[in-house]
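Read through the structure below, which is laid out as structure tokens, and then see the notes.
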Amino acid sequence: MTTARRKPAKATPAKATPAKATPAKATPAKVTAAQPSSDAIVLTGPPGLLRATVSVENAVDQRVAVRGLTLHRSGQQALAGAGAAVIAPGATAQVPVSFRLEPDTPPGEYPAEVEVGGIRREAVLRVEPDLSMHVSPRRVLAEVGGSAVTITVTNDGNLPIPLAAVVRARTDDGGPDPGPDVTLTLTDATTAAPGTTSVLRGSLSVPDELDPTRRHTARVPVGTADLDVIILPRDPSE
């Protein structure tokens, strides 16, 4: 009997699995803003009036008059400030100084230098928010019913101020209790940007239940300003 020979099994080569490279995560460097030195002059206030007190030493043997303070800012023209003193020989004086920036300068901190007696010193301007607005005309006459009105609004501050399309105010006849509302309706709601002037049109609505024998007033809010509305006495038959 013939026995069949078994063929040797073919070896299957193992497949090499390439190793996956994991890229290293880059850690971004932290950037730290430079801080003003502890002896920097810090001027604080709204743009129209930044104030500080500067220490000035007279190291010579004669009196020194300190005048002509100057504020230096990067990219800006030099700005003259207010402040003066006469310092005795060897003495140190605390001199109040002030500067006026552009009224629409946004709130925040700004690096600067203050020049006192020909010497520049590091300074920081800390500009505070200034919500300043005025309306023209300041006072208007109104009658019972509706009447057209045109007002000019100027934002004198350094922040945008929203102006609502519809605002109301209680009437006052000098008595203890407030009266019904006067309503100001503007054509459109808008926002007054710093340093801008806008002409706004709308209407005033005065309720007819007001006592016709009395004079009534109402202070209608327009942003942070007020429009004074005056309703004069009228003939009761009207």
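If you go through the stretch 198-230 and keep only what is part of a strand (DSSP E or B) and in contact with a Lys or Arg (Cβ under 7 Å, 6 or more places away or on another chain), you end up with Ala218, Asp226, Asp228, Ile230.
In this structure, does Asp172 turn out to be more than 19 Å from Ser136 (Cβ to Cβ), charged (D, E, K, R) and touching a residue at least 12 places away in the same chain (Cβ under 8 Å)? In short, yes. Within the stretch 91-101, the only residue that satisfies the criterion of being modelled with pLDDT under 95 and outside any strand (DSSP E or B) is Ala91. State yes or no: is Pro194 crowded, with 19+ Cβ neighbours inside 10 Å and outside any strand (DSSP E or B)? Considered against the rule, which asks whether it is crowded, with 19+ Cβ neighbours inside 10 Å and outside any strand (DSSP E or B), Pro194 comes out as yes. Selection of the stretch 70-89 for residues being in a loop (DSSP other than H, G, I, E, B) and modelled with pLDDT of 90 or more yields Arg73, Ser74, Gly75, Gln76, Gln77, Ala78, Gly81, Gly83, Ala88, Pro89. Checking the stretch 104-125 against the condition returns no match, with no residue being in a loop (DSSP other than H, G, I, E, B) and of a type in the set (Lys, Arg). Which of the following residues is under 30 Å from Arg234 (Cα atoms), in contact with an Asp or Glu (Cβ under 8 Å, 6 or more places away or on another chain) and touching a residue at least 24 places away in the same chain (Cβ under 8 Å): Arg126, Arg139? None of the others qualify; the one that does is Arg139. With respect to (1) more than 29 Å from Leu232 (Cα to Cα); (2) without any contact (Cβ under 8 Å) to a residue 24 or more places away in the chain; (3) of a type in the set (Ser, Thr, Tyr), the lone exception for Thr190 is condition (2). For the stretch 219-233, check the following and say yes or no: at least one residue is more than 23 Å from Pro47 (Cα to Cα) and among the hydroxyl-bearing types (Ser, Thr, Tyr). No.
Output the number of residues of the stretch 105-121 satisfying the condition of being acidic (Asp, Glu) and modelled with pLDDT of 95 or more.
So the answer is 2.
The residue that is nearest to Pro96 (Cα to Cα), counting only those in the stretch 52-86 that are of a type in the set (S, T, N, Q) and within 33 Å of the chain's Cα centre (by Cα), is Thr53. Only a single item in (1) modelled with pLDDT under 95; (2) more than 21 Å from Leu184 (Cβ to Cβ) is not met by Glu143, and it is number (2). Here the condition is being surrounded by 12 or more Cβ atoms within 10 Å (Cβ to Cβ) and either over 25 Å from Ile161 (Cβ atoms) or acidic (Asp, Glu) (or both); of Val60, Val56, Val127, it holds for Val56 alone.
The values are calculated or read from the model by the stated rules, or taken from the named source; none is laboratory data. Fair warning: this is a prediction, and the values are worked out from it, not measured in the lab. Neighbour counts are summed over all protein chains in view; Cβ atoms, including those assigned to glycine, are modelled from backbone coordinates with ideal geometry.
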